[in-house]
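These notes are about the structure you will find just below.
The values are calculated or read from the model by the stated rules, or taken from the named source; none is laboratory data. Note that the coordinates shown come from a computational prediction; the quantities given were computed from them, not determined experimentally. Cβ sites come from the backbone with ideal geometry, for glycine too, and all protein chains shown count toward neighbours. With ligands, DNA and RNA removed, areas are computed over all heavy atoms of the protein, side chains included. Shrake-Rupley method; radii C 1.70, N 1.55, O 1.52, S 1.80 Å.
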Amino acid sequence: MTPLLAIDTSAAHCAAALHLGDRIVARVEPMAKGQAERLMPFLEELLASESLGWRDLAAIGVGTGPGNFTGLRIGVSVARGLALGLGIPAIGVSGFEAAGSGHPRPVTIALPAPRDHLWLQRLGETEAGAPRLAPASEAGEVMHGPEARELVRAIAAIARDRAATPQPRPAPLYVRPADAAPPRDPAPVLIE
């Protein structure tokens with residue numbers, strides 16, 4: 001099978017992996033901001049390191065979160081745009097699925113969230129519970145998610161497994177509402 005590119009921008013990083021059939025090549029670049037400007041050159045550098053171009057790709061996997069709101073939108077938008085332009089599938093993979101890949105189930109997965117909280121999801125043998133946000137002190141016995149490099153490698157492997165069957169378009173997985181809210185002031189009155 002031709003190469004699959006996986007992308008993850010769910011936290012303070014740009015992470016990408018190329019699934020090349022017999023191996024997965026992954027890169028991570030930590031960054032607090034600037035993912036929108038850096039992601040495309042970062043992906044091009046990864047492809048070039050393996051002497052590949054965009055047209056060599058068979059599919060694109062993308063981490064759908066949970067995570068940073070802006071980062072999720074950047075990663076999912078890039079994956080969907082590239083897939084549309086290249087005529088290849090885009091496959092969304094949640095951080096919970098990626099973190100739980102290869103582990104016996106049932107298991108509760110914990111991913112880091114802001115303000116000393118964790119995103120939690122119980123993965124059963126055939127289905128998953130609703131994801132939720134919990135204080136880190138109340139998490140109990142959970143399996144913590146992997147570092148960014150292992151997470152994007154798992155996204156690539158899961159996306160490769162799903163690439164042969166039709167998938168819904170990737171969409172960000174939001175566990176809580178955004179911190180930013182529209183202003184509550186009434187709209188200005190126009191004077192004629």
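Going through Leu111, Leu86 one at a time, which residue ends up being among the aliphatic types (A, V, I, L, M) and modelled with pLDDT under 95?
Numbers: Leu86 fails: modelled with pLDDT under 95.
Selected residue: Leu111, the only one of Leu111, Leu86 that is among the aliphatic types (A, V, I, L, M) and modelled with pLDDT under 95.
From the list Arg176, Arg115, which residue is under 21 Å from Ala12 (Cβ atoms) and without any contact (Cβ under 8 Å) to a residue 12 or more places away in the chain?
Answer to the check: Arg115.
Look through Leu72, Leu52 and report the one residue that is touching a Ser or Thr at 6+ places or on another chain (Cβ under 7 Å) and either farther than 21 Å from Ala154 by Cβ or of a type in the set (A, V, I, L, M) (or both). Lay out the reasoning, then the answer.
Numbers: Leu52 fails: touching a Ser or Thr at 6+ places or on another chain (Cβ under 7 Å).
Leu72 is the lone residue from the list that is touching a Ser or Thr at 6+ places or on another chain (Cβ under 7 Å) and either farther than 21 Å from Ala154 by Cβ or of a type in the set (A, V, I, L, M) (or both).
Give me a count of the residues in segment 133-172 that are closer than 18 Å to Val76 by Cβ and open to solvent by less than 60 Å² (accessible area, probe 1.4 Å).
Of the residues in segment 133-172, 12 are closer than 18 Å to Val76 by Cβ and open to solvent by less than 60 Å² (accessible area, probe 1.4 Å).
Quick one: what pairs do we get from segment 1-26, first residue under 13 Å from Gly61 (Cα atoms) and assigned to a loop (DSSP other than H, G, I, E, B), second of a type in the set (A, V, I, L, M, F, W, C) and open to solvent by 20 Å² or more (accessible area, probe 1.4 Å), C-beta under 7 Å, 6+ apart or different chains?
Close Cβ pairs (under 7 Å, with a partner that is of a type in the set (A, V, I, L, M, F, W, C) and open to solvent by 20 Å² or more (accessible area, probe 1.4 Å)) amount to Pro3/Leu20; Pro3/Leu52; Pro3/Ala58; Thr9/Ile74.
What pairs come out if I take residues in segment 50-65 that are in contact (Cβ under 8 Å) with a residue 24 or more places away in the chain and closer than 28 Å to Pro112 by Cβ and pair them with residues that are of a type in the set (Phe, Trp, Tyr) and crowded, with 17+ Cβ neighbours inside 10 Å whose C-beta lies under 9 Å away, six or more apart or interchain?
That search, which allows pairs on different chains as well, returns Gly65/Trp119.
Out of the residues in segment 23-59 that are modelled with pLDDT under 95 and open to solvent by 40 Å² or more (accessible area, probe 1.4 Å), which is nearest to Val76 (Cα to Cα)?
Here the residue is Lys33.
Please specify each residue of segment 27-38 satisfying the condition of being aliphatic (A, V, I, L, M) and either part of a strand (DSSP E or B) or in contact with a helix residue (DSSP H, G or I) (Cβ under 6 Å, 6 or more places away or on another chain) (or both).
Residues of segment 27-38 aliphatic (A, V, I, L, M): 28, 31-32, 36.
Those that are aliphatic (A, V, I, L, M) and either part of a strand (DSSP E or B) or in contact with a helix residue (DSSP H, G or I) (Cβ under 6 Å, 6 or more places away or on another chain) (or both): Val28, Ala36.
Let me confirm something: among Val142, Val152, which residue is of a type in the set (Val, Ile, Thr), in contact with a strand residue (DSSP E or B) (Cβ under 9 Å, 6 or more places away or on another chain) and touching a residue at least 40 places away in the same chain (Cβ under 8 Å)? Please lay out each step first, then the result.
Values: Val142 fails: touching a residue at least 40 places away in the same chain (Cβ under 8 Å).
None of the others qualify; the one that does is Val152.
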